[in-house]
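The values are calculated or read from the model by the stated rules, or taken from the named source; none is laboratory data. Values in this document were obtained by computation on a predicted structure and should not be read as measured data. Backbone-built Cβ (ideal geometry, glycine too); neighbour counts: all protein chains shown. Accessible surface areas use protein heavy atoms only, side chains included; no ligands, DNA or RNA. Shrake-Rupley method; radii C 1.70, N 1.55, O 1.52, S 1.80 Å.
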Amino acid sequence: MTHPPAVPKRVARVLAEALPYIQRFAGATFVIKYGGNAMVERELTRSFARDIVLLKCVGMNPVVVHGGGPQIGEWLTRIGKKSEFVGGMRVTDEETMEVVEMVLGGLVNKAIVSHINQAGGRAVGLTGKDGNLLTARKLLMPAEPTGGGGDADENGNSNDNGNGGMLDIGLVGEVAEVDTTLLDHLVAGDCIPVIAPIGFSPEGTGYNINSDLVAGKVAEAMRAAKLILLTNTPGLLDENGVTVSEMNLAEATAMRAAGTISGGMLPKVQCALDAVRGGVAAATIADGRVAHATLLEVFTEAGSGTMIRPG
Ligand SMILES: Nc1ncnc2c1ncn2[C@@H]1O[C@H](COP(=O)(O)OP(=O)(O)OP(=O)(O)O)[C@@H](O)[C@H]1O
Ligand SMILES: [Mg+2]
């Protein structure tokens, strides 16, 4: 049987082009945030898992942080609870928090761990509680300028409880501290950490943390070479729906003011800006619905989504 000559040549060229990246990133940490919206197709999750294992096999250290917004929403619907958001953050009462912990720490986390292990990796699933990985504190949200439904909780109660115009949206947290001790052990032991975005206060209260914020803080703490945020859009889109290839703080501020960035893209852009300003060498927002999106971000110069610049 003969092959058309063009095919093996192209394959060889692609493989050869990976060499400088493998050399440059040997031993480097990559934090990859896998958005809940990007993991809705099993085949995509499989290709994501294979990319992660490939990175590990060629000497890089991937750390996965995952979301699970749609999956939480689905389980809340099953128990007859409505999802409500303020500035891209899910309003989280105690019952919702139980669902968040079960769905993120259980179902979603273990599904990703299992996919990575089936692809030949050794993944270990964690929440912020394991090894005191993520210490959290309550996050108060700025009140939304127009009646976006952000001034009352799901029971209709006012949740501005004297916080100077800031909204208390329940058990929603932000990262106060990342303890990388356990992550360092896992990475050194050739394991791939898979982190569910749940943090805990020193008193043991669980907090639902937006997974982009967790990924950004973990990337900073691990001094990652790159933070890759995989989502369900081709990147950050401008007012015409065109993907922005690069963005800095001033441009992000202008886009936010114009209302072009909203919902779940708000914490995504913010955490990427914070990460690059906090010492992470590069951050990108890319399309997790594209097969092998992670490889494109690691093994090409420009990547395919939006590159976030510090200044
Ligand atoms: N300017 C923008 N460009 C692209 N998407 C935007 C923009 N403004 C708002 N969005 C919204 O942000 C969404 C992505 O954030 P979202 O939180 O929904 O997904 P995710 O973070 O990938 O998943 P999860 O929150 O489950 O981890 C997009 O699907 C889009 O609806
Ligand atoms: Mg999100």
- Message: If the elastic network links every pair of Cα atoms under 10 Å, which of Ala12, Ala28, Ala188 fluctuates the most in the Gaussian network model of the chain?
- Response: Ala12
- Note on the structure: Plugging the Cβ-Cβ distance of Glu246 and Asp184 into 1/(1 + (r/R0)^6) at R0 = 45 Å yields, to the nearest 0.05, a FRET efficiency of 0.90
- Note down the magnitude of the dipole of the chain about its Cα centre, charges +1 on Lys and Arg C-beta and -1 on Asp and Glu C-beta and zero elsewhere, to the nearest 20 debye. 1380 debye
- Message: For the chain, what does the relative contact order come out to in percent, with C-alpha contacts under 8 Å and a separation of six or more?
- Response: 22 percent
- Be a star and scan region 262-284 for residues whose amide nitrogen sits under 20 Å from the point 7 Å along the Cα-to-Cβ vector of Thr300. 282-284
- Message: Could you tell me the calculated FRET efficiency between Met102 and Asn163, based on Cβ-Cβ distance and R0 = 30 angstrom, to the nearest 0.05?
- Response: 0.55
- Message: What is the percent carbon and sulfur in the accessible area of region 26-308, measuring with a 1.4 Å probe over the protein chains and ignoring ligands?
- Response: 51 percent
- Can you bin the chain into rounded, prolate or oblate? Criterion: square roots of the alpha carbon gyration tensor eigenvalues sorted a ≥ b ≥ c, rounded for a/c under 1.5, prolate for a/b above b/c, oblate for the rest. prolate
- Message: Need one number: % antiparallel among DSSP beta bridges in the chain, to the nearest 5.
- Response: 40 percent
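Beyond a 31 Å Cα-Cα separation, which of these cross-linked pairs lie in this structure: Lys56/Lys268; Lys9/Lys268; Lys110/Lys226; Lys9/Lys33; Lys33/Lys82; Lys33/Lys81?
As for pairs spanning more than 31 Å Cα to Cα, those are Lys9/Lys268; Lys9/Lys33.
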- Task: Would you please put 215-223, 89-97 in order of how densely packed they are, using the mean number of other Cβ atoms within 10 angstrom per residue and starting with the highest?
- Result: 215-223, 89-97
- Item | Accessible surface, per residue, of the chain when the full set of protein chains is kept, probe 1.4 Å, Å² | 46 Å²
- Non-local amide H neighbours of Thr233 (under 5 Å, H modeled in plane, Pro and chain starts lacking H): which ones? Gly288
- May I ask you to list the trypsin sites (Lys or Arg not before Pro) in region 96-139 that are in a DSSP loop and have at most 15 other Cβ atoms within 10 Å of their Cβ? Arg122
- Checking region 233-311 for GluC sites (Glu not before Pro) in a loop per DSSP with at most 15 other beta-carbon atoms within 10 Å yields Glu239, Glu301
- Item | By average C-beta atoms within 10 angstrom, highest first, the peptides 57-70, 171-184 | 57-70, 171-184
- Message: As an exercise, use a Förster radius of 51 Å and the Cβ-Cβ distance of Lys110 and Asp238 to find the FRET efficiency, rounded to the nearest 0.05.
- Response: 0.85
- Message: Can you compute the modelled spin-label distance between Ala257 and Lys81, with each label point 7 Å from Cα toward Cβ, in nm?
- Response: 3.9 nm
- Message: Charges on Cβ only, +1 for Lys and Arg, -1 for Asp and Glu, centred on the Cα centroid of the chain; of Phe48, Thr127, Val11, which one is farthest towards the dipole's positive end?
- Response: Val11
- Could you work out how far apart the two model spin labels at Asn117 and Val7 are, taking each label as a point 7 Å from the Cα in the direction of the beta carbon, and quote it in nm? 3.5 nm
